[in-house]
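Report on the following structure.
The values are calculated or read from the model by the stated rules, or taken from the named source; none is laboratory data. As the structure is a prediction and not an experimental result, all values here were calculated from the model. Cβ: placed from backbone, ideal geometry, glycine included. Neighbour counts: every protein chain shown. Only protein heavy atoms, including side chains, enter the accessible area calculation; ligands, DNA and RNA are left aside. Shrake-Rupley method; radii C 1.70, N 1.55, O 1.52, S 1.80 Å.
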Amino acid sequence: MIVENSRFFRPVDMDSLTKLLADESLGHTMFMAGGTDLIPALKRQGQSPQSVIALSQIAELKGIRLAAQEKALHLGPLTRLVDVAKDLLIKEHFPALAETAALVASPQIRNQATIGGNIMVDNRCKYYNQSDVDRVSHGACFKAGGGICHLIPKATPKSVPVCRARFVSDLAPVLILANTQLVIQGRSGERLLPMKDLYEQEGLYGARLNPGEVLVGIEIPLPLPGMIRYDKLRIRQAIDFPSLGVAMLKEKRGDKEILQACLTGVDTHPVHLEFVRQDYGSDEEFWQTVAQVAMKSVTPLKQDFFPPQYKRQMIPVLLKRLYKD
C-alpha cells in the first residue's frame, strides 16, 4: 500500500520512537498498530496524513503483566485482542475485559487488531467512512472537509457539535469503569491521563491527544471497584461495530449500592451514568428512573440497521440483564 505524499517510519524501540516524536517536521501524523482500521481508511483516501508511524516492531509496547507491586495490570497498547481475550492474568483479575475483547469484530480481526487501536478507533459514520468516489454522489461532510452534515442537514460548520459520527469502541466502556489510566508519550516525556478524560464531547477530532503524542501503556488499578460486565447489540455476531454497547459496574460504597453504566455506539463519545440504589424505594421505581435517565442521556441517529428509538429502549434492557446475571 502506498500513501501518496506521506512519509512512512517504523521505529524499532522506544528510544527511536521518542527521538522520532521530537521531530516537529512530521506534521499531521497517524500511528499504526494492528492496522485493521487505519489501513482501510488510508485506502479509501479519507485520511491524508503527512507521516505514518508503524509501531509493530516496538517490543516494549506489547504484553500483559502485573505492575506497581501487583496493584495494577499493565497492558501494552500493541497487545492483540486475541491475547487479551485469552490471557490468564486478565481472566483472573479482570474477566470482563477478556470477555469484551472476545466480542470485538471477528476472529480474523482479533488476531491482528490491538487493544490500543480499539481504544483510539476513529468514530464511525455511514457518510464519512466511505471512499472519495462515494462522496461524489452526496458531497463531502464537515469531517471530510465539506460544508454539510448528512445526518443533520440543517447543521452548519459553526454548530456544536459539528460532527455526529458515533463512538464505537467496545473496550473503552469497561476500561473507563475500571478507572483505567493511560500512559501517553510525547515530546516532553510521559504523562498519565485518566481514560475517562480521553475523548472529546464531539466526533470531529476524536481522542484528546496533543500533536506528537502516542499511547504507550494502559494501567488498570487492582482490585477492581466492583463487578463489571458488558453486553452489546449488533446485527451479526461477528464483524459489526456495536450498534449499542453497555458496560455495567455494580459496587458497594459503605452501606450503599452503586450502579454505574458506560455506553458506546449511541453518541459521539462514551456516556457515563451513575445511580445509587438506596435513592429509590422499590425495584420498579429504580429501574424506571434508570430507563428514563439513560434514554435521555444519548443522542443516537440513524446510522445503521437499528432505529434510534429502539437503541434507546435497549439500554435499560441490557443494563437490567447484566445487573441480574
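Here are a few things to note about the model shown:
- Any hit, the stretch 38-54, residues being modelled with pLDDT of 90 or more, within 19 Å of the chain's Cα centre (by Cα), open to solvent by less than 40 Å² (accessible area, probe 1.4 Å) and under 26 Å from Gly146 (Cβ atoms): yes
- The residues on offer are Glu70, Glu60, and the sole one that is open to solvent by 40 Å² or more (accessible area, probe 1.4 Å) and closer than 20 Å to Arg10 by Cα is Glu60.
- Selection over the stretch 149-171 of residues that are within 18 Å of Thr100 (Cβ to Cβ) and either in contact with a His (Cβ under 6 Å, 6 or more places away or on another chain) or β-branched (Val, Ile, Thr) (or both) gives a count of 2.
- Hey, Met314 open to solvent by 40 Å² or more (accessible area, probe 1.4 Å), part of a helix (DSSP H, G or I) and among the aliphatic types (A, V, I, L, M) or not: no
- Scanning the stretch 113-149 for residues that are in a loop (DSSP other than H, G, I, E, B), over 30 Å from Ala54 (Cβ atoms) and open to solvent by 40 Å² or more (accessible area, probe 1.4 Å) yields Ser137, His138, Gly147.
- Comparison of Val174, Val183, Val168 shows that the only residue that is assigned to a strand (DSSP E or B), β-branched (Val, Ile, Thr), at pLDDT 95 or above and on the phi < 0 side of the Ramachandran plot is Val183.
- Among (1) surrounded by fewer than 17 Cβ atoms within 10 Å (Cβ to Cβ); (2) among the aliphatic types (A, V, I, L, M); (3) closer than 27 Å to Arg208 by Cα - the single one Leu88 does not satisfy: (3)
- Count of the stretch 4-28 residues which are modelled with pLDDT of 95 or more, open to solvent by 30 Å² or more (accessible area, probe 1.4 Å) and assigned to a loop (DSSP other than H, G, I, E, B): 3
- Some residue of the stretch 201-214 being surrounded by fewer than 20 Cβ atoms within 10 Å (Cβ to Cβ) and at pLDDT 95 or above: no
- Qualifying residue in the stretch 292-300 (condition: closer than 22 Å to Val121 by Cβ, open to solvent by 20 Å² or more (accessible area, probe 1.4 Å) and in contact with a Lys or Arg (Cβ under 9 Å, 6 or more places away or on another chain)): yes
- Candidates Phe275, Phe286 - the one that is of a type outside the set (A, V, I, L, M), assigned to a strand (DSSP E or B), surrounded by 15 or more Cβ atoms within 10 Å (Cβ to Cβ) and more than 18 Å from the chain's Cα centre (by Cα): Phe275
- Residues (in contact (Cβ under 8 Å) with a residue 60 or more places away in the chain and in a loop (DSSP other than H, G, I, E, B)) located in the stretch 29-68: Ala33, Gly34, Gly35, Thr36, Asp37, Arg44, Gln45, Gly46, Leu55, Ala68
- Looking across the stretch 239-267, just one residue is open to solvent by 20 Å² or more (accessible area, probe 1.4 Å), touching a residue at least 40 places away in the same chain (Cβ under 8 Å) and either closer than 29 Å to Gly281 by Cβ or not in a loop (DSSP other than H, G, I, E, B) (or both), and that is Lys250.
- Close pairs (6 angstrom Cβ cut-off, 6 or more residues apart or separate chains): of a type in the set (Ser, Thr, Tyr) in the stretch 95-109, buried (at least 22 other Cβ atoms within 10 Å of the Cβ) and at pLDDT 95 or above anywhere: Thr100/Asp170; Thr100/Leu171; Thr100/Val174; Thr100/Tyr230
- Filter result for Val162 (modelled with pLDDT under 95 and open to solvent by less than 30 Å² (accessible area, probe 1.4 Å)): yes
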